[in-house]
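The values are calculated or read from the model by the stated rules, or taken from the named source; none is laboratory data. Keep in mind that what you see is a predicted model, and the values were worked out from it rather than measured. When we count neighbours, we look across all protein chains shown, and the Cβ atoms used for this are built from the backbone with ideal geometry, even at glycine.
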Amino acid sequence: MRWQPLDDADAVARAAGSRILAAARRAIEARGRFDIVLAGGTTPQQVYRLLREARDAGWEHWVVWFGDERCLPVDHAGRNSRMAGQTLLDHVPIPLDQRFPIPAERGAARAAEAYEALIRRARPFDLVLLGMGADGHTASLFPGRKLPPHRLVVPVFDAPKPPPERVSLTPRALCSTRELLVLVTGAAKRDAVRAWRHGADLPIARLPCETGMEVLIDRAAWPGEGV
Ligand code: 6PG
């Protein structure tokens, strides 16, 4: 696992953009496709805006998945799929049948079941992108929740971050990837990062990933070396 402290959120976005394009190049060269799992929330938005300017990304080979989704109508402003559409997907020529939003509008339980069936065939992913909340959650995996060990996708009820009903890939699914990139910015995340580095039992700290995980973090969120 590698920590990469960078000056600010812009530097994190630029570094993330180039890591993603490099992973796409490697995957397309090796296997002719690039399976990426997008993160929700606000942190990746700048990354997505930068990515859409890339001219040589091989967009026709991208296959797009989501790490989590909020159970809201498809066109609701709070949907991760809508945010990804507005910032990236509506602007690039990824074929429509290679985009796999989580059908969270159907309700968490049905959506989780349907998405599990889809991703079961798709793994391993090439790159999973994740954010982290100030409480140490990632995707929609919140602290203190038990997860069924064999599921790849779970319904989430009573999430502490609105909306309460969500769908999330599990740690097992998120770690079925060749590379994993975590984006963390802002002073509000610093305590959670410190806890993570101290081995706290947080969802972000408990991902059973065997392949490389890199954390791109800005100075505001970085508690410093040796903590
Ligand atoms: C979501 C997420 C979530 C997010 C973190 C960080 O849909 O809410 O995918 O895990 O990545 O909460 O969110 P911010 O980037 O907004 O801080």
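Residues to consider are 170, 177; find the one that is away from the ligand (no atom under 15 Å from the Cβ), of a type in the set (Ser, Thr, Tyr) and closer than 21 Å to residue 81 by Cα.
Details: 170 fails: away from the ligand (no atom under 15 Å from the Cβ).
Of 170, 177, the one residue that is away from the ligand (no atom under 15 Å from the Cβ), of a type in the set (Ser, Thr, Tyr) and closer than 21 Å to residue 81 by Cα is 177.
For the subset of the range 29-50 comprising residues that are closer than 19 Å to residue 180 by Cβ and away from the ligand (no atom under 16 Å from the Cβ), which member is surrounded by the most Cβ atoms within 10 Å (Cβ to Cβ)? I'd like the intermediate steps shown before the answer.
Of the range 29-50, the ones closer than 19 Å to residue 180 by Cβ are 30-31, 33-41, 43-44, 47-48.
Right, trim to away from the ligand (no atom under 16 Å from the Cβ) and you get 30-31, 33-35.
Details: 30: 11, 31: 12, 33: 15, 34: 27, 35: 24.
Among those that are closer than 19 Å to residue 180 by Cβ and away from the ligand (no atom under 16 Å from the Cβ), it is 34.
Check whether at least one residue in the range 135-147 is among the aliphatic types (A, V, I, L, M), surrounded by fewer than 21 Cβ atoms within 10 Å (Cβ to Cβ) and within 10 Å of the ligand (Cβ to nearest atom), and report yes or no.
If we filter the range 135-147 for residues that are among the aliphatic types (A, V, I, L, M), which is where we start, we get 139, 141, 147.
Still in the list and also surrounded by fewer than 21 Cβ atoms within 10 Å (Cβ to Cβ): 147.
Subsequent filtering for residues that are within 10 Å of the ligand (Cβ to nearest atom) retains none.
No; the residues of the range 135-147 include none that is among the aliphatic types (A, V, I, L, M), surrounded by fewer than 21 Cβ atoms within 10 Å (Cβ to Cβ) and within 10 Å of the ligand (Cβ to nearest atom).
Please verify whether residue 79 is farther than 12 Å from residue 169 by Cα, among the basic types (Lys, Arg) and within 12 Å of the ligand (Cβ to nearest atom), treating the condition exactly as stated.
Details: farther than 12 Å from residue 169 by Cα: yes; among the basic types (Lys, Arg): yes; within 12 Å of the ligand (Cβ to nearest atom): yes.
Yes, satisfied.
How many residues does the range 84-137 contain that are over 27 Å from residue 30 (Cβ atoms) and among the polar types (S, T, N, Q)?
Residues meeting the conditions: 2.
Could we say that residue 163 is touching a Leu at 6+ places or on another chain (Cβ under 8 Å) and within 10 Å of the ligand (Cβ to nearest atom) here?
Details: touching a Leu at 6+ places or on another chain (Cβ under 8 Å): yes; within 10 Å of the ligand (Cβ to nearest atom): yes.
Yes.
Taking the range 89-134 as the region of interest, how many residues are within 27 Å of residue 213 (Cβ to Cβ), in a loop (DSSP other than H, G, I, E, B) and away from the ligand (no atom under 15 Å from the Cβ)?
5
With respect to residue 155, is the statement that it is surrounded by 15 or more Cβ atoms within 10 Å (Cβ to Cβ) and either aliphatic (A, V, I, L, M) or over 23 Å from residue 77 (Cα atoms) (or both) true?
Details: surrounded by 15 or more Cβ atoms within 10 Å (Cβ to Cβ): yes; either aliphatic (A, V, I, L, M) or over 23 Å from residue 77 (Cα atoms) (or both): no.
Against the criterion (surrounded by 15 or more Cβ atoms within 10 Å (Cβ to Cβ) and either aliphatic (A, V, I, L, M) or over 23 Å from residue 77 (Cα atoms) (or both)), residue 155 does not qualify.
Just one of (1) more than 28 Å from residue 161 (Cα to Cα); (2) exposed (fewer than 15 other Cβ atoms within 10 Å of the Cβ); (3) small (Gly, Ala, Ser) trips up residue 78, so point out which.
(1)
What are the pairs, 6+ residues apart or on separate chains, where a residue within the range 164-178 that is more than 17 Å from residue 205 (Cα to Cα) has its Cβ under 6 Å from a residue that is within 12 Å of the ligand (Cβ to nearest atom) and of a type in the set (Gly, Ala, Ser)?
From residues that are more than 17 Å from residue 205 (Cα to Cα), the pairs are 166/140; 166/159; 167/104.
Conditions tested, residue by residue: (1) acidic (Asp, Glu); (2) part of a loop (DSSP other than H, G, I, E, B); (3) in contact (Cβ under 8 Å) with a residue 12 or more places away in the chain.
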position	(1), (2), (3)
4	no, no, yes
12	no, no, yes
16	no, no, yes
19	no, no, yes
22	no, no, no
27	no, no, yes
35	yes, no, yes
46	no, no, yes
49	no, no, yes
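Does at least one position in the range 67-75 carry a residue that is acidic (Asp, Glu), modelled with pLDDT under 95, in a loop (DSSP other than H, G, I, E, B) and away from the ligand (no atom under 13 Å from the Cβ)?
Quick first cut of the range 67-75, residues acidic (Asp, Glu) only: 68-69, 75.
Remaining after also requiring modelled with pLDDT under 95: none.
No, that holds for no residue.
Considering only the range 206-224, how many residues are outside any strand (DSSP E or B) and either surrounded by fewer than 19 Cβ atoms within 10 Å (Cβ to Cβ) or within 14 Å of the ligand (Cβ to nearest atom) (or both)?
In the first step, residues of the range 206-224 are kept if they are outside any strand (DSSP E or B); the result is 206-212, 219-224.
Going one step further and asking which of them are either surrounded by fewer than 19 Cβ atoms within 10 Å (Cβ to Cβ) or within 14 Å of the ligand (Cβ to nearest atom) (or both), we end up with 206-212, 219-221, 223-224.
Count: 12.
Return yes when residue 161 is buried (at least 20 other Cβ atoms within 10 Å of the Cβ) and over 14 Å from the mean Cα position of the chain (by Cα) and no when it is not.
Details: buried (at least 20 other Cβ atoms within 10 Å of the Cβ): no; over 14 Å from the mean Cα position of the chain (by Cα): yes.
So residue 161 fails the test.
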